[in-house]
1. Tally the residues that are within 15 Å of ALA179 (Cβ to Cβ) and touching a Leu at 6+ places or on another chain (Cβ under 8 Å), restricting the search to the stretch 223-247.
2. Which of the residues that make up the stretch 1-42 are acidic (Asp, Glu), closer than 24 Å to GLU290 by Cα and surrounded by 13 or more Cβ atoms within 10 Å (Cβ to Cβ)?
3. Which one of the conditions (1) of a type in the set (Phe, Trp, Tyr); (2) touching a helix residue (DSSP H, G or I) at 6+ places or on another chain (Cβ under 9 Å); (3) in contact (Cβ under 8 Å) with a residue 60 or more places away in the chain does PHE324 fail to meet, given that it meets all the rest?
4. Would you check if LYS328 is closer than 20 Å to SER34 by Cα and either surrounded by 14 or more Cβ atoms within 10 Å (Cβ to Cβ) or of a type in the set (Lys, Arg) (or both)?
5. So which helices (runs of 4 or more DSSP H) stay within the stretch 219-332 end to end and still have 3 or more residues that are modelled with pLDDT under 95, within 30 Å of THR87 (Cβ to Cβ) and out of contact with any strand residue (DSSP E or B) (no Cβ under 7 Å at 6 or more places or on another chain)?
6. Report, by residue number, each residue of the stretch 48-67 that is within 15 Å of the chain's Cα centre (by Cα) and hydrophobic (A, V, I, L, M, F, W, C).
7. Which of the residues spanning the stretch 246-283 are surrounded by fewer than 17 Cβ atoms within 10 Å (Cβ to Cβ), in contact (Cβ under 8 Å) with a residue 24 or more places away in the chain and of a type in the set (D, E, K, R)?
8. Do we have any residue at all in the stretch 9-20 that's in a helix (DSSP H, G or I), under 13 Å from LEU143 (Cα atoms), hydroxyl-bearing (Ser, Thr, Tyr) and modelled with pLDDT under 95?
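The values are calculated or read from the model by the stated rules, or taken from the named source; none is laboratory data. This structure is a prediction, so every number in the text was calculated from the model and none was measured. Glycine gets a Cβ as well: all are built from the backbone with ideal geometry, and neighbour counts include every protein chain shown.
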Amino acid sequence: MAAPRLTIDQYFEGIKQTDTSVLSRGITLVESKSPKDRELAFELIKRVLPFTGKSIRIGITGSPGVGKSTFIDGFVEYLVNEKKIKTAVLAIDPSSKVSGGSILGDKTRMESIVGSHDVFIRPSPAGLELGGVGAATFETMLLCEAAGYELIIVETVGVGQSETVVNDLTDFLIFLTIAGAGDELQGIKRGIMETVDLVVVNKADTLEGKTFEKLRLNFKNALHLFPGKASGREVSVLSCSALQKIGFEKIWNEISAFEIVVKGNGHFENNRMHQKKLWLQKTLERSILEYIYQNEEIKNQKEYFEKLLSDQNVNPLEAASRVFNIFKSRFQ
């Protein structure tokens, strides 16, 4: 039997009291595509907005297999135990383009922090959204901030250059890699390397000192090919062993030093304003697409042109243009 629908007051009060079950339901609400749910989600976001913006938002990206989940497990355990920082982890899982299904297994790979009162883990499907993040990641971060989480970590799906989008949602981006992944050479071409604030080489306990130093220099050489960071900070290359739980203090010190600099030079506020503008743009794009595909006239015309495509009486470019002109004519 489904749980009874919560009122806007129940959502708001539950989130403010860090009730994780209500927080989870609130995130499900903002992820919903139902028009009725979207209306309630909009009201909820308006209610929580005055209680947001006080956290640090960190993105963690890297190719599959570099140990992102293991790293987060150890790093968050360190932050909670040593620094007393309440942390929310938004683990974005890749979704199947065939079934739309998602693995949602990151919770099972974070054994050290599952069950901690100071940690909230939310696996969410990326859906068909590009950028390695979910469609409602920004709204989810706001709900977590309103619930009192001081640090928000967004773990991306780890596939492709489009992951640079996560940089537009966070304050600090960590690129996680391992020796032999080839990232130190591919980094010259990869868009992700233009946006990172810190490179962390995981599984460093398996490396000799000279090997890491060579790796560090390769990354530094690649990073020097790009313009200076708007933050005013040079990108560091650090090492850690997530399994051995070594190197976390250096990483946290780097993040803390970054925060001091960017809040002092104005970059932090400028970046937060950029995040808000991107949120506006993405929300507008999603609303327009929903309107287009829910409009009966446009749906019928789309099906009509699909049949013409099958009969080879029209090409896809012409079909798309003619359907769009129907939409455009409504606003002329």
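1. 4
2. Result: GLU31, ASP37.
3. Failed condition: (3).
4. So LYS328 does not fit the description; no.
5. Working: elements: 248-265, 267-294, 296-310, 316-329.
Counting at least 3 such residues, we get 267-294.
6. ILE56, ILE58, ILE60
7. GLU249, GLU259, ARG272
8. no
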